[in-house]
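Notes to accompany the following structure.
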Amino acid sequence: MKILIIRLSSIGDCVLASPVVEALREAYPSAHLSWAVQSKSVSVVRGLPGLNETLLWEDQRRYSSLAKALWRTWRARFDVTLDLQGLDKAGLFSLAGRAQRRVSGEGARKIAHWSSNERVEESEPLHAREFYLRRAALLGIAPDAAERFYPRIPIVSGHRRFADEFLAQGGFLPSHRIIALNLGAAHPIKRWPAERFALLASELLAADANARIVVLGAPADAPLLERFESELARCSEQGDASRPGSAWPGRVLSAVGRIDLMQMAAVAEKCAAFVTADTGPMHIAAAVGAPMVALFGPTEVARTGPVHKPGNAPIRVLDARTLSDTPRPSMELLAVERVWKEVREVIAENEQANKPLKLLRA
């Protein structure tokens, strides 16, 4: 049997959809599982255990590459297509797969709706991970899949070696308490201000001589990094605000635009805390079990919050919706002092949980 999973983007949603691969592999041990995905999200899909191949849409050349990807889908021909996205572009891939069974949900739109011939009832709101497993349930996955399968990413030893070398080159030692600050988010309204990240960094560094800060972001986040570094220099009184990057020498390492998503995941594994807004890297860091403080405002925690796997490090969520009656509250409602308190508590909770393990190893 050949099954095509369709979740073309975004990065975070692809991570949240990854449990579907394990659930289908368990249900169909000999099936050939493919995943149709856009190039911006392929790194969190390609190499997932149980997945045979990715069917790549190279979205840099949008329309010509879409035609090529649809042609490859047509030639491959599938027995089943599972549309986890429910948008027009996903419906095109479902049609191109020429499968007898084309599964989607009642909430699928336009082309995605009429291209499917089996639709899952979707009357109740669900977290994205459970939503994707609900659609896959029509294919006979285990009823308790949501209790056993959690997001995962294809991180390998090479990514971990890179993280060790990258942090060592920045002067960060294994004994340091590394705190990651992820500045970016695809949509500006989801971002916590870069200046507040800088104030948070200054407070953390001043309070803990063993603390080190690694700043994360995509290449497009370079302007956020500049604002972060200028504010850090201004508020720390240890740098020149006219020279970004001058504050806290040797204790702040910028990875903005310098590492890819899987390398970032390996860095996250080594962090004492990972502070981020609702974005793809948040779900990646949660998937590798990083201790986390997640900041939410206009988006719904119940729909896209980080998934905590039992036994992993603690995850705390600060939600601006608890501070406002507006449906899409501003991220600026989240005060630096509150975030600082949560970060310190997450670090302490995680270190306390790991203390007996460290003693045993010693």
Of Phe93, Phe149, Phe162, Phe131, the only residue that is out of contact with any Cys (no Cβ under 9 Å at 6 or more places or on another chain) and more than 25 Å from Arg25 (Cβ to Cβ) is Phe162
Taking the range 30-66 and keeping residues aromatic (Phe, Trp, Tyr) and surrounded by 14 or more Cβ atoms within 10 Å (Cβ to Cβ) leaves Trp35, Trp57
So for the range 106-118 (the condition being among the aliphatic types (A, V, I, L, M) and under 18 Å from Leu138 (Cα atoms)), does at least one residue qualify?
yes
Screening Ala287, Ala255, Ala320, Ala335 for residues that are surrounded by 22 or more Cβ atoms within 10 Å (Cβ to Cβ) and in the same structural domain as Ala194 (by TED's automatic domain parsing) leaves only Ala287
Note: among Gly107, Gly97, just one is buried (at least 24 other Cβ atoms within 10 Å of the Cβ) and in the same structural domain as Ala128 (by TED's automatic domain parsing), namely Gly97
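Hey, can you tell me all the residues within the range 67-79 that are surrounded by 18 or more Cβ atoms within 10 Å (Cβ to Cβ) and within 15 Å of Ser39 (Cα to Cα)?
Narrowing the range 67-79 to residues surrounded by 18 or more Cβ atoms within 10 Å (Cβ to Cβ): 69-70, 73, 78.
Ala69, Leu70 - these are the residues of the range 67-79 that are surrounded by 18 or more Cβ atoms within 10 Å (Cβ to Cβ) and within 15 Å of Ser39 (Cα to Cα).
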Residue check for Ala180: in the same structural domain as Ser202 (by TED's automatic domain parsing), of a type outside the set (Phe, Trp, Tyr), surrounded by fewer than 22 Cβ atoms within 10 Å (Cβ to Cβ) and at negative phi
no
Restrict the check to the range 162-174 and report whether at least one residue is under 27 Å from Val317 (Cα atoms) and among the acidic types (Asp, Glu). no
Taking the range 133-144 and the residues there that are in contact (Cβ under 8 Å) with a residue 60 or more places away in the chain and either assigned by TED's automatic domain parsing to the domain that holds Leu216 or in a loop (DSSP other than H, G, I, E, B) (or both), the one that is nearest to Ala99 (Cα to Cα) would be Gly140
Per the filter on the range 271-292, residues within 16 Å of Ile347 (Cβ to Cβ) and outside any helix (DSSP H, G or I) are Cys271, Ala272, Ala273, Phe274, Val275, Thr276, Gly289, Ala290, Pro291, Met292
Exactly one of Pro310, Pro291, Pro327 is in contact with a strand residue (DSSP E or B) (Cβ under 9 Å, 6 or more places away or on another chain), without any contact (Cβ under 8 Å) to a residue 60 or more places away in the chain and on the phi < 0 side of the Ramachandran plot, and that residue is Pro291
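So for the range 221-235 (the condition being out of contact with any Gly (no Cβ under 8 Å at 6 or more places or on another chain), modelled with pLDDT under 90 and surrounded by 18 or more Cβ atoms within 10 Å (Cβ to Cβ)), does at least one residue qualify? Outline the logic, then answer.
Of the residues in the range 221-235, the ones out of contact with any Gly (no Cβ under 8 Å at 6 or more places or on another chain) are 223, 226-228, 230-231, 234-235.
Adding the requirement that they be modelled with pLDDT under 90 leaves 234-235.
Imposing the further condition that a residue be surrounded by 18 or more Cβ atoms within 10 Å (Cβ to Cβ) reduces the set to 235.
Among the residues of the range 221-235, at least one is out of contact with any Gly (no Cβ under 8 Å at 6 or more places or on another chain), modelled with pLDDT under 90 and surrounded by 18 or more Cβ atoms within 10 Å (Cβ to Cβ), which makes the answer yes.
The values are calculated or read from the model by the stated rules, or taken from the named source; none is laboratory data. Everything numeric here is computed off the predicted structure, so don't read it as measured data. Note: ideal-geometry Cβ built from the backbone for every residue, glycine included; neighbour counts use all protein chains shown.
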